[in-house]
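Down below is the structure, laid out as structure tokens.
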Amino acid sequence: MEKKIRQHKDEIILLQHPVLLIIVLVFGFVMMDPFKIGPVGGIEFRPVKQDIAPYKEVMGRWPRDNRSRLGDGKLEFAGDVFGPESLEFDSLGNGPYTGLADGRVVRWMGEDVGWETFATVTSNWSEKLCAKGVDSTTAKQWKHEEWCGRPLGLRFNKETGDLYIADAYYGLLAVGPAGGLAMPLATHVEGKQILFANDLDVHKNGSIFFTDSSQKYNRLYHFFILLEGETSGRLLRYDPPTKKTHVVLNGLAFPNGVQLSMDQTFLLFTETGNCRLMKYWLEGPRTGTVELVAHLPGFPDNVRINDKGQFWVAIDCCRTPAQEVLAHNPWMRNIYFRLPIKMSILARMVGMRMFTVISLFNEKGEIVEVLEDQKGVVMKLVSEVREVKGKLWIGTVAHNHIATYPYP
């Protein structure tokens with residue numbers, strides 16, 4: 001009875017204060033987002049507190065490239081490659097090979113021949129359905145992506161010539177030196193589907209370390225991993241002799257790029273959701289432990305080694321103070337990203353203006369070099385950096401070109 005009386009009094013208060021009533025109704029409408037306008041409309045969105053370093057601490061220590069030197073780079077193959085995320089070269093130095101948003105792995109055959117299809121990740125692939133050209137990196141491809149495949153990380157086994165592929169939908173695959181249809185190696189682990197295979201590296205013993213970025217969201221919905229801050233990502237290992245896949249690490253926030261050290265005593269991996277570069281020890285007294293290498297100013301993608309044993313990290317920059325507040329307050333994100341406003345507008349409202357930063361680290365985690373393209377002249381969003389014969393090859397999952405930059 002008392003509960004009903006209190007409820008009746010609350011209703012009277014709302015009716016007597018129309019402004020308050022309107023606020024309650026508007027808030028309820030926003031939270032329901034019936035027209036699914038907001039970024040998380042129709043999604044079971046459960047944000048959590050993110051383990052992200054203080055903005056001022058990171059940005060205060062981070063060296064900047066005030067000349068924005070990367071903007072002096074060169075656009076290559078504009079309109080010929082579509083979302084070239086990862087760039088690889090075979091044992092003879094031929095390439096690059098790269099995975100495209102239309103589901104193919106292609107290779108550069110020189111000026112006379114150009115690009116040719118080297119491999120596909122599924123027999124589902126057809127030119128009619130999958131080959132969207134420059135539209136492959138737009139929403140027009142989204143409904144076909146899971147069918148056609150989306151090859152991301154690429155690595156050659158230098159001894160056998162086999163190319164290993166981390167495909168966002170088809171898991172870990174391999175194709176021989178002659179190319180063709182790639183064969184699946186790992187699609188499940190511990191009875192669960194590998195939902196978002198992302199990047200990989202090959203150990204000298206033949207084992208393949210690779211990331212599964214989320215057990216909740218696939219690549220098509222990858223942005224929700226960042227918005228929610230969920231930590232279901234895993235670092236996995238596939239052993240060719242036994243054909244079994246093992247969980248190396250779990251509970252990761254959008255694990256992404258993977259790179260073994262030159263002596264293979266450790267590997268580095270990027271944790272995009274927490275904006276950091278991490279180390280996992282494979283040998284020595286710290287075997288099996290994880291340690292922080294560096295907090296980063298933005299959201300890292302792939303990491304690649306050069307001939308000196310240094311590590312290039314591709315970073316979509318930069319974080320903002322407002323983004324940090326949201327990261328530490330999931331209740332705010334739960335409201336903010338339910339607003340019936342497009343994501344692009346919400347991002348601008350918190351100061352997000354993405355541009356490319358690539359950073360070179362030594363084995364101690366010290367910063368050796370920072371290059372930026374602050375105006376997005378050659379690259380607005382970056383996925384990978386490969387240093388080959390005095391040149392940086394820069395890939396992007398979002399654009400239809402590759403960028404190069406002479407280095408050092």
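The values are calculated or read from the model by the stated rules, or taken from the named source; none is laboratory data. Just so we're clear, the structure is a prediction, and the values are computed from it rather than from any experiment. Glycine gets a Cβ as well: all are built from the backbone with ideal geometry, and neighbour counts include every protein chain shown. Side chains included, ligands, DNA and RNA excluded: accessible areas come from the protein's heavy atoms. Shrake-Rupley method; radii C 1.70, N 1.55, O 1.52, S 1.80 Å.
Of all residues assigned to region 176-186, none qualifies as being part of a loop (DSSP other than H, G, I, E, B), crowded, with 17+ Cβ neighbours inside 10 Å and within 19 Å of the chain's Cα centre (by Cα). Report whether or not Tyr164 is of a type outside the set (D, E, K, R), assigned to a loop (DSSP other than H, G, I, E, B) and touching a Phe, Trp or Tyr at 6+ places or on another chain (Cβ under 9 Å). So Tyr164 does not fit the description; no. Glu116 fulfils the conditions (1) part of a strand (DSSP E or B); (2) under 28 Å from Leu249 (Cα atoms) except for a single criterion, (2). Residues in region 63-97 that are touching a helix residue (DSSP H, G or I) at 6+ places or on another chain (Cβ under 9 Å) and within 17 Å of Pro151 (Cβ to Cβ): Phe82, Gly83.
Say we look at region 273-307 and pick out the residues that are within 27 Å of Gln50 (Cβ to Cβ) and assigned to a loop (DSSP other than H, G, I, E, B); which of these is most open to solvent (accessible area, probe 1.4 Å)? Outline the logic, then answer.
Let us first name the residues in region 273-307 that are within 27 Å of Gln50 (Cβ to Cβ), namely 273-281, 286, 288-304.
Of the ones still in play, those that are also assigned to a loop (DSSP other than H, G, I, E, B) are 275, 286, 288-289, 296-297.
Values: Cys275: 1, Arg286: 115, Gly288: 41, Thr289: 60, Leu296: 0, Pro297: 1 Å².
So, considering only residues that are within 27 Å of Gln50 (Cβ to Cβ) and assigned to a loop (DSSP other than H, G, I, E, B), the one most open to solvent (accessible area, probe 1.4 Å) is Arg286.
With respect to (1) over 27 Å from Ile225 (Cα atoms); (2) polar (S, T, N, Q); (3) within 16 Å of the chain's Cα centre (by Cα), the lone exception for Ser383 is condition (1). Can you name the residue in region 216-255 that is of a type in the set (S, T, N, Q) and surrounded by fewer than 17 Cβ atoms within 10 Å (Cβ to Cβ) and, of all such residues, is nearest to Asn198 (Cα to Cα)? The extreme case among them is Asn250.
Cβ-Cβ distances below 9 Å connect the following pairs, each with a first residue in region 241-256 that is on the phi < 0 side of the Ramachandran plot, a second residue that is open to solvent by 50 Å² or more (accessible area, probe 1.4 Å) and among the hydroxyl-bearing types (Ser, Thr, Tyr), and a separation of six or more residues or different chains: Thr245/Thr187; Asn250/Thr231; Leu252/Thr231; Ala253/Thr231.
Take the conditions (1) open to solvent by less than 70 Å² (accessible area, probe 1.4 Å); (2) in a loop (DSSP other than H, G, I, E, B); Leu172 misses just one of them, which is (2). Counting residues in region 191-214 that are more than 28 Å from Phe337 (Cα to Cα), among the basic types (Lys, Arg) and without any contact (Cβ under 8 Å) to a residue 24 or more places away in the chain gives one or more. Would you check if Val303 is among the aliphatic types (A, V, I, L, M) and out of contact with any helix residue (DSSP H, G or I) (no Cβ under 9 Å at 6 or more places or on another chain)? So Val303 passes the test. For residues in region 132-157 being part of a loop (DSSP other than H, G, I, E, B) and of a type in the set (S, T, N, Q), which is surrounded by the most Cβ atoms within 10 Å (Cβ to Cβ)? Top of the filtered list is Asn157.
Against the numbered list (1) at pLDDT 90 or above; (2) part of a loop (DSSP other than H, G, I, E, B); (3) open to solvent by 50 Å² or more (accessible area, probe 1.4 Å), Pro47 comes up short only at (3).
For Leu129, the conditions (1) of a type outside the set (Lys, Arg); (2) under 14 Å from Tyr170 (Cα atoms); (3) open to solvent by 50 Å² or more (accessible area, probe 1.4 Å); (4) part of a helix (DSSP H, G or I) are fulfilled apart from (2). Scan region 53-104 for residues that are within 30 Å of Lys216 (Cβ to Cβ) and either touching a Ser or Thr at 6+ places or on another chain (Cβ under 6 Å) or crowded, with 22+ Cβ neighbours inside 10 Å (or both) and the total you get is 14.
The set of residues from region 158-168 being surrounded by 23 or more Cβ atoms within 10 Å (Cβ to Cβ) and either at pLDDT below 95 or touching a helix residue (DSSP H, G or I) at 6+ places or on another chain (Cβ under 6 Å) (or both) comprises just one member, Ala168.
Scanning region 342-368 for residues that are open to solvent by 50 Å² or more (accessible area, probe 1.4 Å) and either assigned to a loop (DSSP other than H, G, I, E, B) or of a type in the set (S, T, N, Q) (or both) turns up Lys342, Ser344, Arg353, Met354, Glu363, Lys364, Glu366.
Tell me yes or no: at least one residue of region 110-119 is of a type in the set (Asp, Glu) and touching a residue at least 40 places away in the same chain (Cβ under 8 Å). Spell out the reasoning first.
Just the residues of region 110-119 that are of a type in the set (Asp, Glu), to begin with: 111-112, 116.
With the extra rule that they be touching a residue at least 40 places away in the same chain (Cβ under 8 Å), the set shrinks to none.
No, region 110-119 contains no residue that is of a type in the set (Asp, Glu) and touching a residue at least 40 places away in the same chain (Cβ under 8 Å).
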